[in-house]
Amino acid sequence: MAQTIYQLKEDQLRSKIMLFDLDGTLIDSTEAILESFAKAYAKCGGDVPADENIKKLIGLPLELMFVKLGVDEANAMAYVTAYKEHYRTIHTQKTTLLPNVQEAITIAHKCARLGVVTTKTSKYSRELLEHFDLMKYFDVLIGSEDVTHFKPHPEPILKALDLLGYSYGTVTYMIGDTISDILAAQEADIASIGVLCGYGDADELEEDADFVTNDVMGAVKIVGDI
């Protein structure tokens, strides 16, 4: 009985839902991403795009990133494969947490059920979150292989909400650094917070997000009314 009462109290305290993007929101994987793009072009051919041209596409599926960077659609998966072959060897060593993330997630977990919704694969996302000892705080993780449609389509968010037992009226936020996160939240009919610590366009976030703040700690303070 005591455990049941404790669980009830915990569920009441964690009555909100907070969904987080990964790259540019919780982690800085710029070095690993840029290095893996360079390796993909070295193996498959072509000039490596400028860093800024790659960075502004982070958050999109890899195959689409390569296509937007000029790779023929028929050849894009070869580049993706070459990218992943290198990325998997360096992703934990060359990725860092963004400032204040560890503290912010610890605080968020006390007032909300947490999820990650990312276009990165679940495999690498989970490995990174476990590497930083953060996975234990998240109740659900939705990656690229878990859905048919990627953000800005609402499917990833809706799947996360279903797994979290979402019901209409629950205070729910999507927190991310790109317009794809914000548009997906709009389509899923939940609130959104744009963070300026990542790869997105600040003007787009200011125009479309319900709130904009510098980083995840700022977002957690908004949701938790801290």
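The values are calculated or read from the model by the stated rules, or taken from the named source; none is laboratory data. Note that the structure is a prediction, hence the values are computed from the model and not measured. When we count neighbours, we look across all protein chains shown, and the Cβ atoms used for this are built from the backbone with ideal geometry, even at glycine.
Looking for whichever is surrounded by 22 or more Cβ atoms within 10 Å (Cβ to Cβ) and either under 21 Å from S180 (Cα atoms) or not acidic (D, E) (or both) here; the options are D51, D21. Which one fits?
Values: D51 fails: surrounded by 22 or more Cβ atoms within 10 Å (Cβ to Cβ).
So the residue among D51, D21 that is surrounded by 22 or more Cβ atoms within 10 Å (Cβ to Cβ) and either under 21 Å from S180 (Cα atoms) or not acidic (D, E) (or both) is D21.
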Query raised in the report: Going through the stretch 205-226 one residue at a time, which ones are touching a strand residue (DSSP E or B) at 6+ places or on another chain (Cβ under 8 Å) and among the acidic types (D, E)?
Result: E206, D208, D210, D215
Report task. Report the residue count in the stretch 13-50 for those that are outside any helix (DSSP H, G or I) and small (G, A, S). Result -> 6
**Report entry** Single residue of the stretch 60-117 satisfying the filter (among the acidic types (D, E) and in contact (Cβ under 8 Å) with a residue 12 or more places away in the chain) that is farthest from A32 (Cα to Cα)
**Finding:** E103
Query raised in the report: Is at least one residue of the stretch 184-197 touching a helix residue (DSSP H, G or I) at 6+ places or on another chain (Cβ under 8 Å), surrounded by 24 or more Cβ atoms within 10 Å (Cβ to Cβ) and modelled with pLDDT under 95?
Result: no
Query raised in the report: Is it fair to say T170 is surrounded by fewer than 18 Cβ atoms within 10 Å (Cβ to Cβ), in contact (Cβ under 8 Å) with a residue 40 or more places away in the chain and not hydrophobic (A, V, I, L, M, F, W, C)?
Result: yes
Requested in this report: Report, ordered by the first and then the second residue, all pairs with beta carbons closer than 7 Å, sequence separation of six or more or different chains, a first member in the stretch 144-160 that is outside the structural domain of I58 (by TED's automatic domain parsing), and a second member that is among the basic types (K, R) and in a helix (DSSP H, G or I).
Outcome: D146/K159; V147/K159
Report summary line: Exception for T118 within (1) touching a Lys or Arg at 6+ places or on another chain (Cβ under 6 Å); (2) surrounded by 23 or more Cβ atoms within 10 Å (Cβ to Cβ) falls at (1)
Report summary line: Flagged in the stretch 99-144 as under 25 Å from T170 (Cα atoms) and basic (K, R), in numbering order, are K110, R113, K136
Report summary line: Exactly one of G200, G165 is surrounded by fewer than 24 Cβ atoms within 10 Å (Cβ to Cβ) and modelled with pLDDT under 95, and that one is G165
